[in-house]
Amino acid sequence: MTGLDTNRTAGVSAGNRAGRGVPARVVAVTVACLLAAVALALVGIAVGSSSLTVPDVVRTLFGGGSPAHELVVFELRLPRVVGGLLVGAALGLAGALTQTFARNPLATPDILGVTSGAALGAVSAIVLAGGSYTVGAGLLTLGLPAVATLGALGTAAVVYGFAWRGGVDSYRLILIGIGATATLGGLTSYLIARAQITEAAAASQWLVGSLSGISWASVWPVLLALVVIVPIALAQSANLGISQLGDDISVGLGVAVQRHRLIVIVCAVVLTAAAVSASGPIEFVAFVAPQIVRRLARTGRPPLVSSALMGAVIVTGGDAFARGVLPGEVPVGIVTAVIGAPYLIWLLTRRKERESLS
Amino acid sequence: MPRSVATSSRRALVLVVLGLGVLVMTVVSLMLGSNLLGVGTVLTGLFDPSQDVGSVVWGSRVPRTVLGLFVGFCLGIAGAVMQGQTRNPLADPGIFGVSAGASLAVVIGVYVLGTSSITTTLWLALAGAAVASVVVFGVAALGRGLSSPVPLAIAGTAVSALLIALTSYLVLSDETTLAAYRIWVVGSLSGRTLDGVDAALLFAVAGLVFAAANIRSLNNLALGTELAHGLGENLLRARLVGLAAITLLTASAVAITGPIGFIGLTAPHIGRSLVGGDHYWLLPASGLIGASLLLACDVIGRLIGGNAEVSVGVVLTVLGGIVFIAIVRRGRIAAL
């Protein structure tokens, strides 16, 4: 596979940089992403059915707003916007981890089937729990993230296991992921077809990825996942740089490849499952965010922190756009798919010139 | 490319056996369901529609069996043409976004025109399938080329994702569209009648004619585009004829049952292992295998669901994903 060879040269430059501190351009991109995320969060709190101005929002956040504003900001909008930020960050980071680990930008949790596994777990919780669907409902909020994580972990193990043939070729991994996505999607539609129409509508709404049902109760698990996993992922950052050089060189440089891989996969899977259980699968964020950041920062592999921030920007911005500009209640997952799929297609059409996506 | 050394008579025998298989599956499909009918009962019902059992046989079992045969046959051949055209073993109208294009067009029809009659559905499905297949092929051709399995598969996935997102948008914004779409989209044979099938049949026959006209080109293309060109093959014409066959066959199948994936993937693979790579034999074999396979999956869906049966599209997606993985794991993904 020629794609891998060119990836490898890109990996060398990343490996060289890994040891020398963070380049200035990466810092600049990270700061820009952070500012954009904050700005979009404020806009996201402001837009909606009863719309506020951004200064109103800032005043209310710092305790100087009217009671009506406080109700709107703290009770209605804030959980949604914070949820969007965290879900986006989790997806962006998960995508950066899997793309780096597989040395292929197409290897995202969506394409590898992990998202579908989490979705199947969550939908089975929604449908089999039988009751009415509200994300805030006690049993589900406790159960949903756990079931989604189980589904995601199981899928990752199965996909990785099937892709293993004395080593993992990233294209085989991706194709097997596509197959697994189909099978899991079929099982999910089976569950939905057997559900009551109200549950089916809720599950379909949830399956396109929406922040509308999010509450503080569903935000906490994502926050917890991020707090635990971000330090672990950052600690693996140097090893990620080295592992870009290929297994043989990594082993030669003293990286415990299998253990490193396992840690990276589990991090990515748990982040994905946490995000999916809060908001449903918001497609293409994990693919797009790291790739945009990598191009902006001109690095060989996506920088982790700014990928997470870019994910937050995309989800919060997409949700604000959907609420403020588009008519009706459009789930953010549709916005991200409409942006992300053409971007993926555009990357594919450029393959001839560059012979590699990365 | 694995070419079987089987003689023509052996291949003809294989086709006869496959034909018998279709016959057996037809009988099984008529017999099995929420209540089991014996062969005698089925025959009584068939020839004497006035009896009670006649209404079961003619009202439910016959339509779905006939439609299953029809859809499976179309999709099997569409898959074989698609795999031959792209020289890509993972080609399938469902995986490559053709069915998603047809779905979107049909949902737009339900949403905008408020109609779901079979004739409008058919034309919309045809338009959607044509646009989606041209886009997928175009993206892959602009990129690294059609024969590399990964770009085409991913281009299809991306186009599908985009179309499905747009479809969900329409479906979620309208309750009646959701109700119509929810049943149709998973690809089901239950509750379909034979009304309006003649229109679909017309499309399918046109598609079959294009497929038959494409056989020689497919065999030449199997040698590689350069050799095919050297043999005097008009590549553009060969591609257009193939595209017409794929689009017509997929659209007529999708219009009837909703998108059903993986028949087009699986049937040609089984066919190739039985009759070899010569498309003169492979196309009819794939059609027959597709028909048997679809009926088998429909019967499985009827049996495992209990009272609420599982639609054939869901059975196929679950099984087909596994077949897809098996094909990838065999590792000959670049061997076609």
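What follows is calculated from the coordinates using simple rules that are stated; it is not laboratory data. It should be emphasised that the depicted structure is a prediction, and the values quoted were computed from it without experimental measurement. Here the Cβ positions follow ideal geometry from the backbone for every residue, glycine too, while neighbour counts run over all protein chains shown.
The alpha carbon gyration tensor of chain B gives principal lengths a ≥ b ≥ c with a/c of 1.5 or higher and a/b no greater than b/c, which makes the shape oblate. Restricting the calculation to alpha carbons of the range B:231-313 gives Rg and Dmax of 15.8, 58 angstrom.
Nothing charged except the Cβ atoms of Lys and Arg (+1) and of Asp and Glu (-1): what's the magnitude of the dipole of the range B:1-112 about its Cα centre? Round to the nearest 20 debye. Don't skip to the answer; put the middle values down first.
Details: 6 positive and 3 negative charges, 104 e Å.
Computed charge dipole of the range B:1-112: roughly 500 debye.
Under the simplified labelling scheme, the residue B:13-residue A:228 pair shows an inter-label distance of 6.2 nm, with each label point 7 Å from Cα along Cα→Cβ. Each Cα pair under 8 Å and six or more residues apart adds its separation to the average, and for chain B the resulting relative contact order is 31 percent.
Cβ crowding within 10 Å, taken as a proxy for footprinting-reagent exposure, orders B:25, B:82 from fewest neighbours to most as B:25, B:82. Exposure proxy ranking for A:307, B:292, based on other Cβ atoms within 10 angstrom of each Cβ and starting from the fewest, stands as B:292, A:307.
From the residues B:250, B:208, B:271, which one has its Cα farthest along the dipole of the range B:67-329 in the positive direction, the dipole being from +1 and -1 charges on Cβ of Lys/Arg and Asp/Glu about the Cα centre? Comparing the listed Cα positions along the dipole, B:271 ranks first. Applied to the range B:47-63, the Karplus parametrisation 6.51 cos²θ - 1.76 cosθ + 1.60 on θ = phi - 60° returns per-residue 3J(HN,Hα) values of 8, 10, x, 6, 6, 4, 5, x, 5, 5, 5, 7, x, 10, 6, 5, x Hz, with x for Gly and Pro.
Think of each Lys and Arg Cβ as +1 and each Asp and Glu Cβ as -1; about the Cα centre, that makes the dipole of the range B:67-329 roughly 460 debye. Fewest neighbouring Cβ atoms within 10 Å first, the residues A:45, A:242 line up as A:242, A:45.
Computed over chain B, the per-residue total of -39500 (n - 2.57) for DSSP H runs of n ≥ 4 gives a 222 nm mean residue ellipticity of -24000 deg cm²/dmol, rounded to 500.
Computed 3J(HN,Hα) for the range A:185-196, one whole-Hz value per residue from the Karplus formula 6.51 cos²θ - 1.76 cosθ + 1.60 where θ = phi - 60°, is x, x, 5, 5, 5, 4, 4, 5, 5, 8, 7, 5, glycine and proline marked x.
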